[in-house]
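A short worksheet on the structure shown next.
The numbers here are math on the coordinates, done by the rules we state, and not lab data. Since this is a predicted model, take the numbers as computed values, not measurements. Here the Cβ positions follow ideal geometry from the backbone for every residue, glycine too, while neighbour counts run over all protein chains shown.
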Amino acid sequence: MQKAITMRNTLIAPSILAADFANLQRDIEMVNKSEADWFHLDVMDGVFVPNISFGMPVIKSIAKHAKKPLDVHLMIVEPDRYIKTFAELGTNILTVHYEASTHLHRTLQAIKAEGMQAGVALNPHTNVDLLRDTIQDIDLVCLMSVNPGFGGQSFIENTYAKVRQLKAIIDENDAATKIEIDGGVTNKNAIQLIEAGADVLVAGSYVFSASNPTETIKDLKAMTNG
């Protein structure tokens, strides 16, 4: 008896942190023309994570040229202070870190009140069970598969188990939450991540360091939507 074929709709979100900032418009146009689904933008404050990336002026410039949804990942302390600002910049999905949110439910409601989808990111050491009580209010969970703060790190193997645990919580609560994987995603782990239950793959160095980023995105999309 043949196995039933499950059609997938895996989303690919190139991480602009790995783009060439001297040629940012060129790289934005590349993503626009590629089979990628979202732009993934990492905002770092040098406090929550030991690095500083880019802020509002750069995102404003990206939004001017981007033709796909902006998936903004805030790796910052006190994210509530900037929710309205990111909405005004044209953000579609705004993700805050569980570890930086004292009143997570209130933050999620505030994000949605500004017309954005609400995401929650978890550091590698943070247990997915902590989201059980808010899972129905979360549109996207971003599981960090590297320690946040720098691009180009090695993938943490325990991520597969976390994806399966989170997927079980989503299913138990009949939630529509998407699972996003951020960090060290390549063609070597993409299929395994999707089979574990991931919906969105963030790819930074793997895409932008490739000799042909457009083809790399196309191959990743084809591989994970079989």
Any pair with Cβ under 8 angstrom, 6 or more apart, that starts in the range 12-36 at a residue that is of a type in the set (Lys, Arg) and ends at one that is surrounded by fewer than 22 Cβ atoms within 10 Å (Cβ to Cβ) = Arg26/Asp20; Lys33/Thr214
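I need the full set of residues from the range 170-181 which are touching a strand residue (DSSP E or B) at 6+ places or on another chain (Cβ under 9 Å) and assigned to a helix (DSSP H, G or I), in order please.
Let us first name the residues in the range 170-181 that are touching a strand residue (DSSP E or B) at 6+ places or on another chain (Cβ under 9 Å), namely 170, 177-181.
Ile170 - this is the single residue of the range 170-181 that is touching a strand residue (DSSP E or B) at 6+ places or on another chain (Cβ under 9 Å) and assigned to a helix (DSSP H, G or I).
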Hits in the range 83-102 - residues which are in a helix (DSSP H, G or I) and among the hydroxyl-bearing types (Ser, Thr, Tyr) = Thr85, Tyr98
message = Would you confirm whether or not the range 111-120 contains a residue that is over 28 Å from Ala19 (Cβ atoms) and in a helix (DSSP H, G or I)?
response = yes
ask   = Which members of the range 182-202 meet the condition of being in contact with an Asp or Glu (Cβ under 9 Å, 6 or more places away or on another chain) and either basic (Lys, Arg) or not in a loop (DSSP other than H, G, I, E, B) (or both)?
value = Asp182, Val200, Leu201, Val202
message = Just to be sure I understand, how many residues within the range 120-145 are among the hydrophobic types (A, V, I, L, M, F, W, C), farther than 17 Å from Glu195 by Cα, crowded, with 19+ Cβ neighbours inside 10 Å and out of contact with any Cys (no Cβ under 9 Å at 6 or more places or on another chain)?
response = 6
request  = Confirm whether Asn9 is surrounded by fewer than 20 Cβ atoms within 10 Å (Cβ to Cβ), closer than 18 Å to Lys178 by Cβ, among the polar types (S, T, N, Q) and in contact (Cβ under 8 Å) with a residue 60 or more places away in the chain.
outcome  = yes
inquiry  = Can you tell me which of (1) over 18 Å from Ala19 (Cβ atoms); (2) acidic (Asp, Glu); (3) in contact (Cβ under 8 Å) with a residue 12 or more places away in the chain is the one Asp182 doesn't meet?
reply    = (1)
remark   = When every residue in the range 50-82 that is of a type in the set (Asp, Glu) and outside any loop (DSSP other than H, G, I, E, B) is compared, the one farthest from Ile28 (Cα to Cα) is Asp80
query = Taking Asn225 and the conditions (1) in contact (Cβ under 8 Å) with a residue 40 or more places away in the chain; (2) surrounded by 22 or more Cβ atoms within 10 Å (Cβ to Cβ), which numbered condition does it fall short on, given that it satisfies the others?
reply = (2)
message = Can you tell me how many residues within the range 157-168 are surrounded by fewer than 17 Cβ atoms within 10 Å (Cβ to Cβ) and either within 26 Å of Asn51 (Cα to Cα) or touching a Lys or Arg at 6+ places or on another chain (Cβ under 8 Å) (or both)?
response = 2
